[in-house]
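Working notes, structure below.
Only the coordinates and a few stated rules stand behind these numbers; no lab work does. As the structure is a computational prediction, the values presented were derived from the model and not from experiment. Here the Cβ positions follow ideal geometry from the backbone for every residue, glycine too, while neighbour counts run over all protein chains shown.
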Amino acid sequence: MKSGFATVVTLALAAALQWVCGSAMAADKGEVVVFVPSSTNPYIGQFEKGAREKAAELGYSVKVIENNFNQSEQDSQVQQQLASGQKAAGYIWWPFENAAGIGALRALSRSGSPVIVSNQFPLKGTDKFYTAYAGANDILSGRTAAEMLLKACAEPGMKCDKGAIIRFPAGVSAGDDRVTGFEQAIKGKLDVISVTPTAGFLEDEGYKVASQIIPAHKGELTWLYTENDSMAGAAAQAARENGLAPGKRILIVGGTCHGDSSHVVNGDLIGTAIQSGYFEGWLAVQTLVKYIKTGKVLPGEVYLAANPDKPPSDDGAPHKFNFLPNPAIGNSEAAYDQAKLWGLNAKQLCNF
Amino acid sequence: MTSIAIARKSIGRRTWRFASLAAVATIVIIAVVAGLTTPAFLTVGNGLVIIRAASMTGIVAIGMSYVTLSGNLFALSASALGALLAVIFALVTAQTDLPAGIAVVLVGAVLAGVLQGVAVNLTGNPIIATLAFGAVFRGLASVLSGNGVLRIHNTAAAWIGTARPLGVPTQSWTFVFLAAVSWLVIRKARLGRQIILSGANREAAVASGLRVNIVTCLALVMLSVGVAIVAIFTVAQFSEARSNLFSGYDFDYIAAVLVGGIALRGGQGTPLQAALGAVLIALLENFMLLNNVSGGLLMTVVGTVVVGAISVFHLLQGKNR
């Protein structure tokens, strides 16, 4: 009995030692601390996955600190992290509320470790508080959607003039930026009847607004922009219920692949574009490590190339602003199947 | 005095009749103003749109009204439970078939209601207990879904989510049916009177031999079944589920109950008032949406209506007691 117990203890200790040593070896370059809202949002789940995998590849460990979509909670987490005295190799900062989180960002910047801001484009006047920005460019996202729409409008037999925008909830800066990019690109070419915010980012919230907007403007609506494909798919459903065939009598674009791709491949949407949560997390870690290795930040911005197979190099210094590409995808099964970014296909990058 | 007699007396009929009339009058006033100022408003099509918009909130609000009427304020776990049940429905339906998906979700809903009822009875605090359960439900939804999108490809489910018998969405039919049934339950059934008595005067209910703890459990089960129905409809309509579904919806459910004029401390009102509250809010939102009112102003107006409704009904209930 005693011998059996001793064996179990020995095996457990051996396993624990191997785990500790393995972790230490994988993390011998230090720990990257990532502050994000909750991964119950699948996009954020993908962000974390990308960050972890890139960090492991580059020899770092990752500690993810999630908040429940609450800036006060995130601020408190920052204070606790700093008070712990644990030296981080660097921080990745995705604030829940960009403006409200400035105090916490300032505190992180004073820790001496580099800080990479991601997802929420930094506000003016906060340049000193972060090392670099790495992530999506929502103005570019809106512009890409507008360019797809204008291209579809130029097809023979299509008539485009008035349309509507269904946007993310009021106060979401990504929603503001996408509308800005979209409106800049269609200025003088298309008319916007209304810009209506939803209560969220998903199908049910998009449907609730689209099912009210479409019948009210049925005779004049020729296009809809919804800021992501989840809401665009729901808008296509609402359009069909109101006798407007998507792709024929009304053109619908979400502009960021998210959710059910069937609406893209069956032609309900005029197309989509890849904005990958996985690669946003991946890029944030890569940018951090590039800074750690070089100790330099190049001024200005860089739009990373949308190479289908090859991800951007880990070498060299990062820029102050490092933007993910937004490659467009056509609305056919073949186009969707062939679409790739940095070695991963659209199904891998959009199915979250 | 029998428990039923106490219940009847405690209903405070004048107050809740006034509340019902106030909700209906407000709906009529908004409809008239909107009809005169907004050309697209007063159409049959837009009327159906408003009922459809009210349906999903209204179905849960009807269930929530049982919790409020039983004297347990609100359950702050409804939106999270909806996400969990949606994830379970998608998982089971994808692996087996639609009847199995519906059966498992309904059993899960009953279980969730009973567990929350036990916790509320043990802690004596429905807000804290259901808030904690909300975290559990959302976390489980996240774990079960792997933080991904769960898709189903089921024709029967898609029919449930998108069909329009006689031109009216299935969700709206269900909402109207449940509103009628819930009114009958609260006004005509023994359980309804027990819920009212538990909320109106807990001590009297206990003294008259009523098992208040069981009533609390049943009220939470009825809410959970309402949440399950909405979860099934949502997954069926869009053929997918995620763990972050219904985030932030708890305020909408509670607002519908309060705007309908159901007494915050319980014992006064009917689920029909919660249904009317959901219609009123949907009407208001539709009016502002058609007039391109900003999201911030829309939130401000709905919040103000809720505060106004609570204040007026609170004052009236004070006078009535």
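Give the lysines whose C-alpha is closer than 22 Å to that of residue B:188, dropping any in the same chain fewer than 8 places away, or say none.
Candidates past the 8-residue exclusion: B:9.
With unit charges on the beta carbon (Lys/Arg positive, Asp/Glu negative), name the residue among B:186, B:279, B:115 whose Cα is farthest towards the positive pole of the charge dipole of chain B.
B:186
Over chain B, what lengths in whole Å, largest first, do the semi-axes of the equivalent ellipsoid take, defined as the square roots of 5 times the eigenvalues of the alpha-carbon gyration tensor?
Calculated on Cα positions only, the semi-axes equal 30, 27, 17 Å.
Based on alpha-carbon atoms only, what is the radius of gyration of the stretch A:15-174 relative to the globular estimate 2.2 N^0.38 Å?
So the Cα radius of gyration is 1.30 times the expected 2.2 N^0.38 Å.
Can you figure out the FRET efficiency of residue A:56 with residue A:337, using R₀ = 30 Å and their beta-carbon distance, to the nearest 0.05?
Approximately 0.55, to the nearest 0.05.
If you bin the C-alpha pair distances of chain A every 20 Å from 0, what whole percents do you get?
Calculated over all Cα pairs of chain A, the distribution is 29, 50, 18, 3, 0 percent.
Projected onto the charge dipole of chain B (+1 at Lys/Arg Cβ, -1 at Asp/Glu Cβ, origin at the Cα centre), which of B:212, B:51, B:288 gives the Cα projection farthest towards the positive end?
Ranked along the dipole, the leading option is B:212.
Given contacts defined as C-alpha pairs under 8 Å and at least six residues apart, what's the relative contact order of the stretch B:3-320, whole-number percent?
Details: 569 pairs, mean separation 115.6, N = 318.
Value for the stretch B:3-320: 36 percent.
Would you work out the charge dipole size for the stretch B:160-252 about its Cα centre, treating the Cβ of every Lys and Arg as +1 and the Cβ of every Asp and Glu as -1, and quote it to the nearest 20 debye?
420 debye
Starting from the Cα of residue B:297, step 7 Å along the direction of its Cβ; do the same at residue A:262; then give the gap between the two resulting points in nm.
Taking the simple label geometry, residue B:297 and residue A:262 are separated by 3.9 nm.
Looking at the stretch A:196-291, which chymotrypsin sites (Phe, Trp or Tyr not before Pro) are in a loop (DSSP not H, G, I, E or B) and have at most 12 other Cβ atoms within 10 Å?
none
Quick check on the protein assembly as shown: of the DSSP beta bridges with both residues there, what percent are antiparallel, nearest 5%? Let's see the in-between values first.
Numbers: 7 of 43 bridges.
Approximately 15 percent, going by the DSSP bridge assignments.
For the protein assembly as shown, what D do you get in µm² per second when you plug the Kirkwood radius from alpha-carbon pairs into Stokes-Einstein at 37 °C and 0.692 mPa s?
123 µm²/s
Compute the distribution of all C-alpha to C-alpha distances in the stretch A:139-273, in bins of 10 Å from 0, and list the percent of pairs in each, rounded to whole numbers.
That works out to 14, 52, 32, 2, in percent per bin.
Using only alpha carbon pairs under 8 Å that are at least six residues apart, calculate the relative contact order of the stretch B:240-321 and give it in whole percent.
Numbers: 56 pairs, mean separation 25.0, N = 82.
Once divided by the residue count of the stretch B:240-321, the mean separation gives 31 percent.
Give the relative contact order (percent, whole number) for the stretch B:113-266; include only Cα pairs under 8 Å separated by 6+ residues.
Relative contact order, the stretch B:113-266: 41 percent.
Taking only the alpha carbons of the stretch A:195-286, what extent do you get along each of the three principal axes, in Å, biggest first?
Principal-axis extents of the Cα atoms in the stretch A:195-286, largest first: 50, 27, 18 Å.
Measure up A:162/A:340; A:124/A:159; A:87/A:293; A:293/A:347; A:189/A:218 against 28 Å on the Cα-Cα distance and list the ones that go over.
Cα-Cα > 28 Å for A:162/A:340; A:124/A:159; A:293/A:347; rest within.
So, counting K/R as plus one and D/E as minus one, what does the shell of residues with Cβ under 15 Å around residue B:212 add up to?
Computed value for this residue: +4.
Residue by residue through the stretch B:247-262, which ³J(HN,Hα) values in whole Hz follow from phi under the Karplus form 6.51 cos²θ - 1.76 cosθ + 1.60 (θ = phi - 60°), with glycine and proline marked x?
4, x, 7, 4, 4, 4, 5, 5, 4, 4, 5, 6, 5, x, x, 6
How far apart, in nanometres, would the label points at residue A:189 and residue B:190 be if each is projected 7 angstrom from Cα along the Cα-to-Cβ direction?
Label-label distance for residue A:189 and residue B:190, simple model: 7.1 nm.
If you place +1 on the Cβ of every Lys and Arg and -1 on the Cβ of every Asp and Glu, how big does the dipole about the Cα centre of the protein assembly as shown come out, in debye to the nearest 20?
2020 debye
Give the average, rounded to an integer, of partner chain Cβ atoms located within 10 angstrom of each Cβ in B:285-297. Display every interim value, and only then the final one.
Details: counts 4, 2, 0, 1, 8, 7, 2, 6, 1, 4, 12, 4, 1.
Across B:285-297, the average partner-chain Cβ count within 10 Å equals 4.
Please give me, ordered by residue number, the trypsin sites (Lys or Arg not before Pro) of the stretch B:140-222 that lie in loop per DSSP and have at most 16 other Cβ atoms within 10 Å.
When the trypsin sites (Lys or Arg not before Pro) of the stretch B:140-222 are filtered for loop state and at most 16 Cβ neighbours within 10 Å, B:211 remain.
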